[in-house]
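The values are calculated or read from the model by the stated rules, or taken from the named source; none is laboratory data. Quick caveat: nothing in here was measured; it's all calculated off a predicted structure. When we count neighbours, we look across all protein chains shown, and the Cβ atoms used for this are built from the backbone with ideal geometry, even at glycine. When the accessible area is computed, the model is the full protein with side chains, heavy atoms only, and any ligands, DNA or RNA have been set aside. Shrake-Rupley method; radii C 1.70, N 1.55, O 1.52, S 1.80 Å.
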Amino acid sequence: MASVCRQSGGRRMVQVIVAGKRKCIRLGVISQRAAEGVATHVQHLASAKASGQTAPPSTVTWLGEIDDTLYAKLAKVGLVESKEPTAKLQEFTDAYITGRKDIGPLTVRNMRRAQARLVGFYGADRPMGSITEADADALYQSMVGKNYAPATIGRDIKRARQFYAAAMRQKLVQSNPFQTVKAPTQANRERDFEVTRAMIQQVLDACPDAEWRCIFALSRYGGLRCPSETLDLRWVDVDWDRSRVRIRQHKTAARIIPMFPELRQYLEEAFDAAAPGAEYVISRYRDSNMNLRTQAERILDRAGVVPWPKLFHNCRATRQSELVREFPISDVCYWIGNSVVVAAKHYLQRPNDAAYERAIGAPQSAAKSAAVHAA
């Protein structure tokens, strides 16, 4: 039986046998009657543990009412499982996103969108440890029911997994309820589009100034991410003598790309037009309130070109697809700043007509066909 022991200064302690060993639970200064009440519940917990049964309902209720200090003492002697620290959904995800100093603004934006989805569905004050696999599946089904694009669903489910993985590392939750939710692929190849050289030339000719020509050239001929890498490019990163350009770290490590001949002319033009002492290659369009996509669409309209699905990504993907026809894919992936797996899944486009012509030896085939018709 659990017993109450008196100590000096009005302090009391409960002694109980747990797994064959005597354990002590110090209660501090407390009345004898209150200490005996604690001892009764302690004995119920010890008996339940020894028999593998559930504690009486009154003791279960009592556990939910006691403070964290006493609960921790019960956990320390092995009578109950340790409580997980309380982590609320909004508070934790805010701290996680703010604490990530290694990610760019676009990644932050995507994390915020996923966070808004979670908080909107579960509530800002929902304890993360209370979200079950069934709850995670309910979120997935709600997104399917609202006809969200598979890429959107896949992105948000993967972000949710990421939040929970971080919470597990901090020992705020014991499991990741989103681990068993199968996220749809984020690749949407229906929006692939080859931005041909003739097409981009029309756009470059319609640009209002050297900086806008440089923005399009950096995406189409340099393969830079826009706006992150384009707006972060500094003149100090441009090595004119070696014809190389340093791209600062964003989603991947910093890298060095060739100053391709198609790109060099637009960098030179932008350099000549830059104000003395200018730090950034793109200076006029750095306002955070400016939407480069909106401005780019106006330029395409002026050029008489129908906007393609993903204005800057399609330029970047076209450049990678173009380069792999001439250089080893390992070199190209380094220049573009992605992996072979990511390139195959999201960037490399289907063979164009020119590729088929080269594959079949078009000049020889044409000559043979002409000879047949002549005969």
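For the reader, a short list of remarks on this structure follows.
- Gain in span if fully extended, Ile360 to Ile66, counting 0.36 nm per residue against the direct Cα distance: 97.8 nm
- Total charge dipole magnitude, segment 181-331, about the Cα centre, Cβ charges on Lys, Arg, Asp, Glu only, Debye to nearest 20: 620
- Charging the Cβ of each Asp and Glu at -1 and of each Lys and Arg at +1, and nothing else, the dipole of the chain about its Cα centre rounds to 1740 debye.
- Qualifying chymotrypsin sites (Phe, Trp or Tyr not before Pro) for segment 167-269 [loop in DSSP, other Cβ within 10 Å: at most 14]: Trp240
- The magnitude of the dipole of segment 216-296, with charges of +1 and -1 set on the Cβ of Lys/Arg and Asp/Glu and taken from the Cα centre, is near 380 debye.
- Rounded to 10°, Cα long-axis angle of helix 32-51 versus longest principal axis of the chain: 60
- A P(r) calculated from all alpha carbon pairs of the chain, with 10 Å bins opening at zero, reads 4, 17, 19, 17, 13, 9, 8, 8, 3, 1, 0, 0 percent.
- In degrees, nearest ten, helix 89-99 long axis to first principal axis of the chain (Cα): 50
- Using the Karplus relation 6.51 cos²θ - 1.76 cosθ + 1.60 with θ = phi - 60°, the per-residue 3J(HN,Hα) values for segment 258-264 come to x, 8, 3, x, 5, 8, 4 Hz, with x marking Gly and Pro.
- Bridging of Lys23 to lysines at a Cα separation below 24 Å is possible for Lys49, Lys73, Lys76, Lys83, once same-chain residues fewer than 8 apart are set aside.
- Counting only DSSP H runs of at least 4 residues, each contributing -39500 (n - 2.57), and dividing by the residue count of the chain, the helix-based mean residue ellipticity at 222 nm comes to -16000 deg cm²/dmol.
- For the pair Phe121 and Asp135, the difference between a 0.36 nm per residue extended length and the Cα-Cα distance amounts to 4.1 nm.
- Rg/Rh (Cα only; Kirkwood hydrodynamic radius) as it applies to segment 30-109: 1.27
- Of the residues Cys207, Gly129, Val29, the one whose Cα sits farthest toward the positive end of the charge dipole of the chain, with +1 on the Cβ of Lys and Arg and -1 on the Cβ of Asp and Glu, is Val29.
- FRET efficiency, Ile103 to Gln32 (Cβ-Cβ, R0 51 Å, nearest 0.05): 0.30
- Accessible surface of the chain, 1.4 Å probe, proportion on carbon and sulfur as whole %: 52
- The mean accessible area for residues of the chain, using a 1.4 Å probe and ignoring ligands and nucleic acids, is 56 Å² per residue.
- Pairwise label distance in nanometres, Ala278 with Val340, each label 7 Å out on the Cα-Cβ vector: 4.0
- Tail beyond 23 Å, pair distance distribution of segment 131-264 (Cα, percent): 57
- Cβ-based charge dipole, segment 274-320, positive-most Cα from Leu311, Ile299, Tyr280: Leu311
- Cross-link table Lys88/Lys171; Lys21/Lys171; Lys158/Lys182, entries beyond 19 Å C-alpha to C-alpha: Lys21/Lys171
- Look at the dipole of the chain built from charges on Cβ: of Val195, Phe178, Tyr347, the Cα furthest out on the positive end belongs to Phe178.
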